[in-house]
Amino acid sequence: MENTVIIGYSGHAFVVIDILKKYQNIIGYCDSTKKQLNPFHLTYLGKETDVSAISILEQANFFVSIGDNSIRANVLNNMTTVLNKPALNVIHDSAVCSTYAEFHPQGGILVAANAIINPLSKIGRGTICNIASSIDHECILGDYVHIAQGTVLSGNVHVGNHTFIGPNSVVKSNIQIGHNVIIQAGSIVTTNILDNSIYPIHSNKTISAS
């Protein structure tokens, strides 16, 4: 088994670790502070930017297990630059990923249990395809997207960077969803959605996804 360091250690990380521990030796975690809740009994290595942590990260694989799109983007961008190597991809054994799907070379992608990624889809760096999500043919997901549990993207859907699509949503074929969009849980998306918006729209106010 190869050695791996987890960056970020909370609820989302627990899902990642449960997948990784089957085929990677997780030697510790990095976070801003040492965590009181430590269900996997991992060693705290300090903040990922500490000199001591970087010396360990240089000799190991790493994965940024932070659910927040913006924070995950900042950390992963920084660490791939500092370490001059891509992050690991984490793919559950039960996930179905077409050999004709394309994953961003900088990695950091999570494909969780029972997720499906169909042919000619492209998955951006640091993107989360969560439990039982379905990404149909020729979908294009930008960087640091989060497709939440049970969500279905029909064919040829394009999703912009930093967008969050909430649990059990369904997106119709050929829909364009912009950058920094929040799709609320259980939504049925049948129209294109502009950047920096929330859907469904209950007022004229728009917000940025994070």
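The values are calculated or read from the model by the stated rules, or taken from the named source; none is laboratory data. It should be emphasised that the depicted structure is a prediction, and the values quoted were computed from it without experimental measurement. Methodologically, a virtual Cβ is constructed for each residue, glycine included, from the backbone with ideal geometry; neighbour enumeration extends over all protein chains shown.
Condition check ((1) within 16 Å of Val145 (Cα to Cα); (2) among the hydrophobic types (A, V, I, L, M, F, W, C)) across all residues:
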| residue | (1), (2) |
| --- | --- |
| Asn74 | yes, no |
| Thr80 | no, no |
| Pro86 | no, no |
| His92 | no, no |
| Ala101 | no, yes |
| Ala113 | no, yes |
| Ile116 | yes, yes |
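Kindly indicate which of Gly67, Gly124, Gly108 is in the same structural domain as Phe164 (by TED's automatic domain parsing) and touching a helix residue (DSSP H, G or I) at 6+ places or on another chain (Cβ under 7 Å). Don't jump to the end; show me each part of the working.
Details: Gly67 fails: in the same structural domain as Phe164 (by TED's automatic domain parsing); Gly124 fails: touching a helix residue (DSSP H, G or I) at 6+ places or on another chain (Cβ under 7 Å).
The unique qualifying residue is Gly108.
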Could you tell me which of the residues Val15, Val64 is in contact with a Lys or Arg (Cβ under 6 Å, 6 or more places away or on another chain) and either touching a residue at least 60 places away in the same chain (Cβ under 8 Å) or of a type in the set (Phe, Trp, Tyr) (or both)?
Val64
Do we find that Gly46 is touching a residue at least 12 places away in the same chain (Cβ under 8 Å) and under 16 Å from Ile26 (Cα atoms) in this structure?
yes
Conditions first: (1) free of Cβ contacts under 8 Å to residues at least 24 places away in the same chain; (2) out of contact with any strand residue (DSSP E or B) (no Cβ under 7 Å at 6 or more places or on another chain); (3) of a type in the set (Gly, Ala, Ser). Ser70 passes all but one, so which condition is the exception?
(1)
From the set of residues in the range 79-114 that are in contact (Cβ under 8 Å) with a residue 60 or more places away in the chain and assigned to a strand (DSSP E or B), which is surrounded by the fewest Cβ atoms within 10 Å (Cβ to Cβ)?
Ile91
